[in-house]
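Reading through the C-alpha cells given below for one structure.
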Amino acid sequence: MTGALPLATLRHLLRHPAQLALALLGLALGVGTIVAVDIATASAQRAFALSLQAVNGAATHQLTGGPGGIDEALYVRLRRAPSPGAAARFAPLVQGYASIKDRTLELIGVDPLASAALAAAGDSAASVTYGAPPREWFVRAGTVVLGAGTAAQLGLVPGQSFALEVAGVRHLAYLAGTIGEGRQGVDGIVLTDIAQAQEWLAAPGRLSRIDVRLPQGSPQALAQLRALLPAGVEVHESRAAARETFAMTDAFITNLKAMSLLALLVGTFLIYGAVSFAVLQRRTIIGVLRALGVTRGEVLRLILTEAALLGVIGAACGCLLGIAIGHALLGLVSQTINDLYFVVAVTSVAVPALTLTKAVAVGMATALAAALVPALEVAGSLPQLALQRSVVERRAQRLSRGFVLAGVLSGSAAALLIGLSGHSLLAGFAGLFLVLLAVAAVTPALLRGLALAAARLASGSAVARLALLDIAGSLSRTGVAVAALGMALTAMIGVAVMVASFRESLREWLLQSMHADIYVSAPGPAGNIARRLDPEVVRALLATPGVRAHSEARHAVVESPRGPIELNALRLAPGSAGAVRLTRGESGQAWDAFRQGAILISEPLEWRLGLSLGDTLALGTSAGRRGFRIAGVYREYGNDRGEILMDLDQYRRHWHDGEIGGLGIYLAPGVTAAAEIAALRAAAGGRQALFIRSNADIRALSMSIFERTFIITRVLYWLAAGVAAIGLVSALLAWELERARALALLRTLGMTPGGSALLVLTQTLFMGIVALLAAVPAGVLTALVLTQVINRRAFGWQIDLHLSPGQFTNALLLALTSAAVAALYPAWRSAHAGLARGLREE
C-alpha cells in the first residue's frame, strides 16, 4: 500500500491540471520576482566593480584632496621619496565626465606607463593594455581610447576624429584605439592622457586622485606614506572607497528586495490554499486509507512530498521566469542608479549561481511551510472524522477565531518592533511584514462575520442568502484565498498612498525651494564637481538685459570622519532665503550664523549621521580638518544621502575653489522666461553649451525622474498583486467546481441557469469586496509605516501623508476583476452542465 500512495498523489495532480498550473504559476511568480531583483542588482553591482577594476584596479589605497583635487607636484614628490617609494607604486588620475553623441561617459585621464607599472605589481597584471602605442598618447592632441563595445555603438573606428563635449564645451577628439574586446567594465569610460584631461576639465596642474599600491600587510609603509602627505590630502583603502560609493544604493536595493519578498509571501498563501484544497478533495480517500491501516507518518510524508514536488517545479519555473524578468528589470534599475547616484554602464546580465540555489531552496521551503499545517491536520485526524466535511469546517472556524488573536499579537509585535528598533531598516521591514500578516490573519474571521451579517440582511432573496451562508460555511476553502488577496491589496494601497504622498511632498518642496525664474548649469551628471561655468560666460549671462538679480552655487564632495559628504555652497539672492525650509532652528539666527561660517544640513544627513542642531561636524578642508557648527536643518528631497549647505564665500575661504557650478536668474518685471532663455542662450552661444531651464521646466524634469524611479516599485507590487489574483482565481475555481453536485441539486429544485450563474458571481464578488474592505484601513496603516518608518529609515526623508480617492482605484479594480474572472467558468459550467451528470459527481 505504501508504494501506491505516491502514484495516487501523481494521479490526483494530473486529474486537476488547471489547479496545479495556477499553484505553480503563483509560486513561480513569487520566486521569479526574487530572482529578477537579484539579477538586476547583481548585474549593476558587477558592472560598477568591473569599471573600478578597469583602470588601476590593483591599487590598494587612494589619495584624495577634496573639491580642489591634488597638486600634481605631490605625485612627483612621492615618486622621488626614498620611502615608501621603494616599496609603493603610484598612478595619478584625473576624473570627470564627457558626452559623445548624447551618451555620457566617465572621462579618465591616466598616465599609461605609471598605470601599467602599478597594475604589473598586482596579481592581475601584465595583461593591462591601453589600446594604443604609448607614442600615440603623447604626440597627438585629443587622443582618446574607448571600450570596443562603446565605439561600435557610437559608430566610431580607430583613426577617426569626432566631437567630444566636456562641461558643455565642445572639443575635437581622436580615437587612437579601443580596449576591452571580450572584457567587461570598460564600456562606460573614455581614457585619455592626464594633460589632455586637465585641459578639457579646466584643471591645470590638478589631479583627482593618486592610486597607490602598498605591500600587503605593511602598516609601516602606510604610516610612512601618511607622513609624506600635506594638509588636506587623505589616504583611503580602495575597497573601502568602492564600498562607500556603492553603499549609496543600499537603501534603494533593500526596498526592491523587500517588494520581491512580498510577492513570495503572497505566493505562500497560494501554495497553502492549493495543498489544502488537494487534501480536502481527497479527504474521503485519505480517511479510507487511514481506516485500512495507513499510518499518520505515511500520510504526512505523502502531503509534504507532494508540496516538495510543487516547490521544486515552481522554483525551477521561477528561475527561468526570473531570468526573463531580470533582463527587463535591469534597464529600470540601472536607469534609476544613473538618475540618482552615479553613472554605471551595464552591458551584460549576471546570473549568480547563489541566486539560483537560493531560489530553489526558498521555493521548496515556502511550499513545505505552506503545506505543513494542512498536512499535520489531516495526518492527525481520526479516520472516521476525516470522512466528514463538517469536522473540517468546524475546525476552520475555530482556527479563524485563533487567527484573530494571532493578528492582534502580530500587530502589537509590529508596533513594539518599530518603536524599539531605532534606525534599523531591517526591523522596519519586519514590522511592515508583521502588519501584512496581521491583515491576513483577521481576514477569514471578518469574511465569516460579514457573510453571516449580510445573509441576515438579505432575507428577502433566497439566492443571495444561500450564497452568503455557503461562504460562511466553507471557510476552509474561501478564507485563505481572501486573506491572500486582502494582504496583496493592502500592500497595493499602501504603496499607492506612499507614492502619491511622496509625489505631493516633492511637488510642494519644489514649489517652495525654486524661487529663481531661470536656472543655468553646465551639462553632466548630477553631483559632478566638474560641472563648472566658464567665468567669461557667467559675465556674459549676467550682463544680459532682463536679469534683475542672481544666486550662485557650487557643488562639491568633501571628506569627513563619517565618509564623503556632498556640499552645496550658495550665494543667495537678496530675500531668497525662504526657498530653504528650515525644520529645525530659528530662521533669523540660523541665517546669521550661516553667513558667519556655520552650516545647514538636510534632513537625510541629520538622520543618517545622527546629528543634531548645535552639533559640530568635522570636514576636510584645504588646511586639514575643521569643525563647523550646525545652525539649522532643512527639508530636501534631491539627495537621499544628505548634504550640507554652506555660504559660498566661506566655502571658497576653506577650499580655495573659485568656480561656479550654477546660477539662479531672477527676472526684471515684465520679462518672460521664454524670451530671457533665448537671450541667455545667445549670450553663451559658441562658448559653452548650457542647461538653461525655467523653474517650471526643472519641476517637470524632477517629477519625470520621480515617476521613472517608482516604475520599478509599481512593477513589483503589480507582480505581487498578480500572484494574489491568481491565488483567488485558483481557490475559488477549485471551490466552485467542487460544488458542482450542490449546484446541480439546486437546479433540479427549480433554480434557473441564470440564477445559478448569479449565485456564483455573487459569492466571488462578495469575497472580493470583503478583501477590499479589510485592505483599505490596513493599506492606510501600511502607508504610514512606509512613509514614516521605511522611507525615513532608508532615505531620511520626512514625507507628509496625502490621501485621495484615486489612490484606492487600482485595488478596487483588482478585487472586482479577480472575483469576476474567478466566477466566469464556474458560472458558465453551472448554467450549462447536465443535471443528471452533476448529481452523479462526488
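Backbone geometry of the range 696-706 corresponds, through the Karplus equation with coefficients 6.51, -1.76 and 1.60 at θ = phi - 60°, to 3J(HN,Hα) couplings of 5, 5, 5, 5, 5, 5, 4, 5, 5, 5, 4 Hz, x marking Gly and Pro.
The slack between residue 557 and residue 539, meaning 0.36 nm per residue of separation minus the straight C-alpha distance, is 3.9 nm.
Remark: the range 482-600 carries 36 Å² of accessible area per residue (probe radius 1.4 Å; ligands, DNA and RNA excluded).
Would you mind counting up the charge near residue 595? Only other residues with Cβ under 14 Å from its Cβ, with Lys and Arg at +1 and Asp and Glu at -1. Counting the neighbours of residue 595, the net charge comes to +1. Simple spin-label estimate for residue 623 and residue 291 gives 9.6 nm between the two label positions (7 Å along the Cα-to-Cβ direction from each Cα). For the range 524-632, the carbon plus sulfur part of the accessible surface works out to 49%, probe radius 1.4 Å. Each 10 Å bin from zero holds the following percent of Cα-Cα pairs in the range 422-548: 10, 19, 19, 15, 12, 10, 9, 6, 1.
Can you give the extra length, in nm with one decimal, that the chain gains between residue 152 and residue 172 once fully stretched, where that is 0.36 nm per residue apart less the Cα-Cα distance?
5.3 nm
Taken per residue, the accessible surface of the range 630-680 reaches 32 Å², heavy atoms only and a 1.4 Å probe.
The values are calculated or read from the model by the stated rules, or taken from the named source; none is laboratory data. Just so it is clear, the model here is predicted, and its values are computed rather than measured. Reconstructed Cβ throughout: ideal geometry from the backbone, glycine too, with neighbour counts over all protein chains shown. All accessible areas refer to the heavy atoms of the entire protein, side chains included, with ligands and DNA or RNA removed. Shrake-Rupley method; radii C 1.70, N 1.55, O 1.52, S 1.80 Å.
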